[in-house]
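Engineer: Dropping the structure in here first, questions after.
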Amino acid sequence: MASALALVALSAPFFRAVPLPENSMFQRIGAEKKHGNPLFKGKDFRRVSMTVSVNVSRFEGVTMAPPDPILGVSEAFRVDTNDLKLNLGVGAYRTEELQPYVLNVVKKAEKLMLERGENKEYLPIEGLAAFNKVTAELLFGADNSVIQEGRVATIQGLSGTGSLRLAAAFIQRYFPDAKALISSPTWGNHKNIFNDARVPWSEYRYYDPRTVGLDFDGMVADIKAAPDGSFVLLHGCAHNPTGIDPTPEQWEKIADVIQEKNHIPFFDVAYQGFASGSLDADAYSVRLFVKRGFELLVAQSYSKNLGLYAERIGAINVVCSSSDAGTRVKSQLKRLARPMYSNPPVHGARIVANVVGDPILFNEWKQEMELMAGRIKNVRQRLYENLSQKDKSGKDWSFVLKQIGMFSYTGLHKAQSDHMTDKWHIYMTKDGRISLAGLSLSKCEYLADAIIDSFHNVD
């Protein structure tokens, strides 16, 4: 390499040696001296350069990312010193004392794991076999023909988010011309997931602000207008953020139009058993579509129903028309997972396998889920009563009772939601969603006062 090195003349820390470019001025000076330029006769020139090292990062072009619209709520809550503050932003279950809750059945499962002295070896790419078996059976029903015939490709994923992301990568690779349809509104991370996977998406109508209910006609019309063969993202139960679910009759009609358009259903099931308190009732929509013969995708999460938020345990299930197709799909999901995260974590998978796979622990889990779901229902009822009693305007607040699951869509817009935080120290997402799982019976009256004030006094 024909470059010279400019040696540092001073030892101060802001001086450094730098390579000289080809045909630099200093190279030319050296060459002219060597070849007898009269200007340089009798002079001893050294090729020395002093350069000041400026502390400029190679990452100067990286801009600051905006706060996450959901997780950023908790960050703002933490720095608030007001004693009345409430965090109704993140969907995590709390006790009546507003403390995190570890299920008793989870503690028992972990105790079993310690007693067995289980190791921490790598799992296969597809995850823990015992987990994959019980999670598919829990979702579809152990006696379902798709299970019996081996037509479900199940891969353990990094909770719901990771499972959705893996499925989105699968869609991008094997259906590159397909579009995803997502509800308006939807969980805030859905758009990020499809964007990062480079899967184009559009929205279908879902929420009707006039009724604070489901815009069913708009939903069906938009699904019907989508290009044939689109992937329709559906919330299996307890729609996030609205808490508004289709009725069984409406699910049938949704299935009709999806079948008519040759779309592929893609369910996000994050609340099975946690919404109604019944595992079977909350799996109704998925099992209906399976019964009608659809090939479909289902992402699962155990963050809410087992309280395994930090364990990142979930699954992606692909129901195929044959066991051979299922085997091939599973092989490609594994191929996609390998460079993403290699293989999934084992701890949460063993907890789920122990709980769901053991009849005694399974029954205890169902009882705990009913208690958690019941507490949220009681909070929902109390909030409705407080709103109805305190608001003298005659506004109908019954939509609070018609919604299901841990969230309630209040109908408050951004300015009103900001007012809830600025005046009342109630932290929530800017779309008006509140997490009832973070509310206690004793705080319902305070929340009702804040909602009524914000609704009527902020334009």
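Engineer: Could you please give the count of residues in region 247-261 that are within 19 Å of Thr186 (Cβ to Cβ), out of contact with any Leu (no Cβ under 8 Å at 6 or more places or on another chain) and surrounded by fewer than 24 Cβ atoms within 10 Å (Cβ to Cβ)?
Structural biologist: Final tally of qualifying residues: 1.
Engineer: A follow-up question, please. Does Glu115 satisfy the criteria of being touching a residue at least 12 places away in the same chain (Cβ under 8 Å) and of a type in the set (D, E, K, R)?
Structural biologist: For Glu115, the condition - touching a residue at least 12 places away in the same chain (Cβ under 8 Å) and of a type in the set (D, E, K, R) - is not met.
Engineer: When you scan region 398-421, do you find a residue that is assigned to a helix (DSSP H, G or I), free of Cβ contacts under 8 Å to residues at least 12 places away in the same chain and open to solvent by 60 Å² or more (accessible area, probe 1.4 Å), even just one?
Structural biologist: No, that holds for no residue.
Engineer: Scan region 286-322 residue by residue and report those that are over 15 Å from Gly141 (Cβ atoms) and assigned to a helix (DSSP H, G or I).
Structural biologist: Correct list: Tyr309, Ala310, Glu311.
Engineer: Also, I was wondering about something else. For residues that are of a type in the set (Phe, Trp, Tyr) and open to solvent by 10 Å² or more (accessible area, probe 1.4 Å), scanning just region 266-295, find the one that is nearest to Arg375 (Cα to Cα).
Structural biologist: Tyr271
Engineer: Can I ask one more? I need every pair where a residue in region 63-78 that is modelled with pLDDT under 90 has its Cβ under 7 Å from the Cβ of a residue that is open to solvent by 70 Å² or more (accessible area, probe 1.4 Å) and not in a loop (DSSP other than H, G, I, E, B), sequence separation at least 6 or different chains.
Structural biologist: Filtered contacts from region 63-78: Pro67/Glu75.
Engineer: Another one. For Gly273, state whether it is over 19 Å from Val152 (Cα atoms) and in a loop (DSSP other than H, G, I, E, B).
Structural biologist: yes
Engineer: Working carefully through the options Leu436, Leu441, Leu371, find the one that is of a type in the set (A, V, I, L, M, F, W, C), open to solvent by 60 Å² or more (accessible area, probe 1.4 Å) and within 25 Å of Gly277 (Cα to Cα).
Structural biologist: Going through Leu436, Leu441, Leu371 in turn, just one is of a type in the set (A, V, I, L, M, F, W, C), open to solvent by 60 Å² or more (accessible area, probe 1.4 Å) and within 25 Å of Gly277 (Cα to Cα): Leu371.
Yes/no per residue for (1) open to solvent by 10 Å² or more (accessible area, probe 1.4 Å); (2) of a type in the set (A, V, I, L, M, F, W, C); (3) in a helix (DSSP H, G or I):
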{"site": "Pro124", "(1), (2), (3)": "yes, no, no"}
{"site": "Leu139", "(1), (2), (3)": "no, yes, yes"}
{"site": "Ala142", "(1), (2), (3)": "yes, yes, no"}
{"site": "Gly150", "(1), (2), (3)": "yes, no, no"}
{"site": "Leu164", "(1), (2), (3)": "no, yes, yes"}
{"site": "Ala178", "(1), (2), (3)": "yes, yes, no"}
{"site": "Asn192", "(1), (2), (3)": "yes, no, yes"}
{"site": "Glu203", "(1), (2), (3)": "yes, no, no"}
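Engineer: Name the residues in region 208-235 that are under 17 Å from Lys191 (Cα atoms) and either touching a Ser or Thr at 6+ places or on another chain (Cβ under 6 Å) or among the β-branched types (Val, Ile, Thr) (or both), would you?
Structural biologist: Once the filter is applied, which keeps residues that are under 17 Å from Lys191 (Cα atoms) and either touching a Ser or Thr at 6+ places or on another chain (Cβ under 6 Å) or among the β-branched types (Val, Ile, Thr) (or both), region 208-235 yields only Val232.
Engineer: Further, regarding this structure: Is one or more of the residues making up region 202-219 among the small types (Gly, Ala, Ser), touching a residue at least 60 places away in the same chain (Cβ under 8 Å) and under 29 Å from Tyr309 (Cβ atoms)?
Structural biologist: no
Engineer: If the requirement is being within 28 Å of Ala281 (Cβ to Cβ), open to solvent by less than 40 Å² (accessible area, probe 1.4 Å) and of a type in the set (A, V, I, L, M), which of these qualifies: Val102, Val146?
Structural biologist: On inspection, the qualifying residue turns out to be Val146.
Engineer: For region 323-348, enumerate the residues that are aliphatic (A, V, I, L, M), surrounded by 15 or more Cβ atoms within 10 Å (Cβ to Cβ) and not in a loop (DSSP other than H, G, I, E, B).
Structural biologist: Ala325, Val329, Leu333, Leu336, Ala337, listed by residue number.
Engineer: Moving to a separate point now. Collect the residues in region 355-367 that are open to solvent by 20 Å² or more (accessible area, probe 1.4 Å) and in a helix (DSSP H, G or I), keeping them in residue-number order.
Structural biologist: Val356, Gly357, Pro359, Ile360, Phe362, Asn363, Glu364, Lys366, Gln367
Condition check ((1) crowded, with 23+ Cβ neighbours inside 10 Å; (2) among the aliphatic types (A, V, I, L, M); (3) not in a loop (DSSP other than H, G, I, E, B)) across all residues:
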{"site": "Arg210", "(1), (2), (3)": "no, no, no"}
{"site": "Lys224", "(1), (2), (3)": "no, no, yes"}
{"site": "Gly229", "(1), (2), (3)": "no, no, no"}
{"site": "Val232", "(1), (2), (3)": "yes, yes, yes"}
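Engineer: If we scan region 234-246, do we find a residue that is open to solvent by 10 Å² or more (accessible area, probe 1.4 Å), without any contact (Cβ under 8 Å) to a residue 12 or more places away in the chain, within 24 Å of Ser435 (Cα to Cα) and of a type in the set (Val, Ile, Thr)?
Structural biologist: Within region 234-246 (the criterion being open to solvent by 10 Å² or more (accessible area, probe 1.4 Å), without any contact (Cβ under 8 Å) to a residue 12 or more places away in the chain, within 24 Å of Ser435 (Cα to Cα) and of a type in the set (Val, Ile, Thr)), the answer is no, since none of the residues qualifies.
Engineer: Take the conditions under 23 Å from His235 (Cβ atoms) and open to solvent by 60 Å² or more (accessible area, probe 1.4 Å) and apply them to Lys390. Does it pass?
Structural biologist: no
The values are calculated or read from the model by the stated rules, or taken from the named source; none is laboratory data. Nothing here was measured: the structure is a model prediction, and the numbers come from that model. Glycine also receives a Cβ, built like all others from the backbone with ideal geometry; neighbour counts cover every protein chain displayed. Each accessible area value is taken on the protein alone, full model and side chains, heavy atoms only, with ligands, DNA and RNA left out. Shrake-Rupley method; radii C 1.70, N 1.55, O 1.52, S 1.80 Å.
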